[in-house]
Amino acid sequence: MTVLAGFQPNSNPMGSQVLSALVAMIPIIAMLVTLGGLRWRAHYAGLFSWSLACIAAVAAYKMPVAMVAATSAQGFVYGIFPIVWILLTAIWMYQVTVISGRFDDLRQTFFLISDDPRVLGILISFCFGGLLEALAGFGAPVAIVTVMLIAVGFSKMRAAITALLANTVPVAFGAVGLPVLMAAKTANMDVLEIAPITGRITAALCLVIPFLLLALMDGKKGLVECWPFGLVIGFTFGVTKWIVSSSALYNLTEIFAAVVSVGVAIAFTRVWHPKGSSEAVPRVGRPVVPSLEGEYVPAPVEAKEALTGNRIFMAVVPYILVIAVFGIANLAPVAAAAKSTDIKIPWPGLSGQLMDSAGKAASHQNYTFAWASTPGLLLAIVAILVAVIYKVSMKDLFVELWNNVKKMKFTMLTIGSVVALAYVMGDSGQTLALGMWIAGAGAIYPFLAPILGWIGVYVTGSDTSANILFSGLQAGVGDQIGHKALLVGSNAAGGVVGKMISPQSLAIASTAMGLAGAESAILRKVIAWSFVLLALLCVISGLMSTPVLAWVLP
């Protein structure tokens, strides 16, 4: 029997960086074509693209077959736990409100803030979604925001694509600043060199995203009738990001931005009221893809019993608990205690054998079973607490959990195969090959730096993972051409607009809106926005390396 020697990935196995990068692009292109063009079901597209990545890893990148199998298995397991587990518990928490009969109270409570669904759409997706991203991440904001938008009258597809588009700006500072922290750590730089740049680049998006959301929700009428609200929210969120990301509290950037924006929004809606609110209700509720969502049936107008203070409080209890539980969990002593319970498991076939590109032990030599330090356990605790408060029996509660598990079988396969794809591409050297190719652009490279972050998040589904993959490379290029901090910060910023088309995010949105298998339809609706926003980030990053926008740098 042959014993596997240690494997170190080669970023240029073909002897030509262009050819090596082209081979590495095959799985990525395959995913986009099969999912968006050929309209395959997501789990088929994921498995097919993963198989192509495996073939490239063995045939071109010379990774031993056994190692390809081992890293694929670990990737699939990581996709199930913690990622699917987090999605499952987020939807479980929401379903408790449905089976308890509190769902309609939540809808009425939202309309106490404003009777305009477009205003509520921005508040829920952009502001509250930003807060959820800051506290939880891992796809939970997309799942929760999607179902909340459906609660206020959005059609399923419109809710999903709104949630995905809004879940861009907060991503770089999500999970209490983890992405920028890992970017700095990987690049061997001070995080206070990176965070202000990432904050300022993404602050520019804050002036764009609210208007795109209005256009997506209600077209031209949404823009014409609600642009003042979009401007106020975008400006407030962006300015707050700019200020906080440049301070020692950088890790709380999204929390401050979300909370301040909600406060300003509520105050603004007391003195400003959009036109055409009632006419907008059927428009945001009309299906985007009737063949998937069914024909539009207007909600019957019924006399509602006036909400009492107690009913309002009970309606928002789940989300108060989310904020409270995650806020406590993110306190340094609590977070450290939870992290200390992580269990590292040496992975068969990789432990002691898999190296990174620098020849050091690769992180995937071990699988970390983070049962207490990821959001899934916290969301499960919230779901159980809500059930107790709402007097839902434990039997009904866990029957609902099992029903969701059965509904998510294809989503599990999709996310598992996509993460396996990411692991194979990363561990074999394919992802690095793409990065090295783009990094060869020379003086114009600052205009291309965000693309690496975009690719990293598209493949891995995580801005943190993308920064770990590429921040070292960005720093190395920066040492050669200058603008080191700008390039590393641009990597984190570029990743945020890759999040909305990541197959993981698509699967989460599809599951949350109750239309499993709709990933290809969602992708076709959001991919153009992702490319447009990436182009904008590339222009901003590039101009920041010139006198035109150099003044923006800290």
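The values are calculated or read from the model by the stated rules, or taken from the named source; none is laboratory data. Just so we're clear, the structure is a prediction, and the values are computed from it rather than from any experiment. Here the Cβ positions follow ideal geometry from the backbone for every residue, glycine too, while neighbour counts run over all protein chains shown.
Could you list, in sequence order, the residues of the range 1-11 that are in contact with a helix residue (DSSP H, G or I) (Cβ under 9 Å, 6 or more places away or on another chain) and surrounded by fewer than 17 Cβ atoms within 10 Å (Cβ to Cβ)? Talk me through it step by step, then tell me what you get.
First, pick out the residues of the range 1-11 that are in contact with a helix residue (DSSP H, G or I) (Cβ under 9 Å, 6 or more places away or on another chain): 4, 7, 9-11.
Across the range 1-11, the qualifying residue is only L4.
Cβ-Cβ distance below 7 Å, separation of 6 or more or different chains: which pairs start in the range 467-479 with a residue that is more than 7 Å from N491 (Cβ to Cβ) and end on one that is among the hydroxyl-bearing types (S, T, Y)?
I468/T186; L469/T431; G472/T186; V477/Y445
Looking only at the range 89-110, how many residues end up being closer than 30 Å to W227 by Cα and buried (at least 19 other Cβ atoms within 10 Å of the Cβ)?
Here is the first cut: in the range 89-110, the residues closer than 30 Å to W227 by Cα are 103-110.
Remaining after also requiring buried (at least 19 other Cβ atoms within 10 Å of the Cβ): 105-106, 109-110.
The total comes to 4.
Out of L321, L331, which single residue is in contact with a Leu (Cβ under 7 Å, 6 or more places away or on another chain) and either at pLDDT 90 or above or surrounded by fewer than 12 Cβ atoms within 10 Å (Cβ to Cβ) (or both)?
Numbers: L331 fails: in contact with a Leu (Cβ under 7 Å, 6 or more places away or on another chain).
Answer to the check: L321.
Quick one: count up the residues across the range 102-154 that are in a loop (DSSP other than H, G, I, E, B) and touching a residue at least 60 places away in the same chain (Cβ under 8 Å).
Within the range 102-154, the first condition is being in a loop (DSSP other than H, G, I, E, B), and the residues that meet it are 102, 114-116, 136-139, 152-154.
Keeping just the survivors that are touching a residue at least 60 places away in the same chain (Cβ under 8 Å) gives 102, 114-116, 136-139, 153-154.
Looking only at that region, the number is 10.
Which residue pairs have Cβ atoms closer than 8 Å, lie 6 or more positions apart in sequence or on different chains, and pair a first residue in the range 329-352 that is closer than 16 Å to L378 by Cβ with a second residue that is surrounded by fewer than 12 Cβ atoms within 10 Å (Cβ to Cβ)?
Pairs that qualify, where the first residue is closer than 16 Å to L378 by Cβ and the partner is surrounded by fewer than 12 Cβ atoms within 10 Å (Cβ to Cβ), are V334/I328.
Only one of these is touching a residue at least 60 places away in the same chain (Cβ under 8 Å) and either in a helix (DSSP H, G or I) or within 15 Å of I197 (Cβ to Cβ) (or both): L515, L523. Name it. Don't jump to the end; show me each part of the working.
Working: L515 fails: either in a helix (DSSP H, G or I) or within 15 Å of I197 (Cβ to Cβ) (or both).
Every option except L523 fails the conditions.
Quick one: which of S20, S51 is among the polar types (S, T, N, Q) and under 25 Å from the mean Cα position of the chain (by Cα)?
Working: S20 fails: under 25 Å from the mean Cα position of the chain (by Cα).
Within the list S20, S51, the selection yields S51.
How many residues, within the range 466-484, are farther than 16 Å from V497 by Cβ, in a helix (DSSP H, G or I) and out of contact with any Leu (no Cβ under 8 Å at 6 or more places or on another chain)? Please lay out each step first, then the result.
Going residue by residue through the range 466-484, those that are farther than 16 Å from V497 by Cβ are 468-469, 471-484.
Checking which are in a helix (DSSP H, G or I) leaves us with 468-469, 471-481, 484.
Subset that is out of contact with any Leu (no Cβ under 8 Å at 6 or more places or on another chain): 468, 471-472, 476, 479-481, 484.
Residues that pass the stated criteria total 8.
So, in the range 156-182, of the ones that are over 10 Å from T253 (Cβ atoms) and in a loop (DSSP other than H, G, I, E, B), which residue ends up farthest from the chain's Cα centre (by Cα)?
Taking the range 156-182 and keeping what is over 10 Å from T253 (Cβ atoms), we get 156-169, 171, 175, 178-179, 181-182.
So of that shortlist, the ones also in a loop (DSSP other than H, G, I, E, B) come out as 167-169.
On the way: N167: 6, T168: 7, V169: 10 Å.
Looking at the filtered set, the residue picked out is V169.
If V98 satisfies every condition in (1) more than 18 Å from I144 (Cβ to Cβ); (2) without any contact (Cβ under 8 Å) to a residue 24 or more places away in the chain but one, which is the exception?
So the condition that V98 fails would be (1).
May I ask you to verify whether A550 is crowded, with 21+ Cβ neighbours inside 10 Å and modelled with pLDDT under 95?
On the way: crowded, with 21+ Cβ neighbours inside 10 Å: no; modelled with pLDDT under 95: yes.
So A550 does not fit the description; no.
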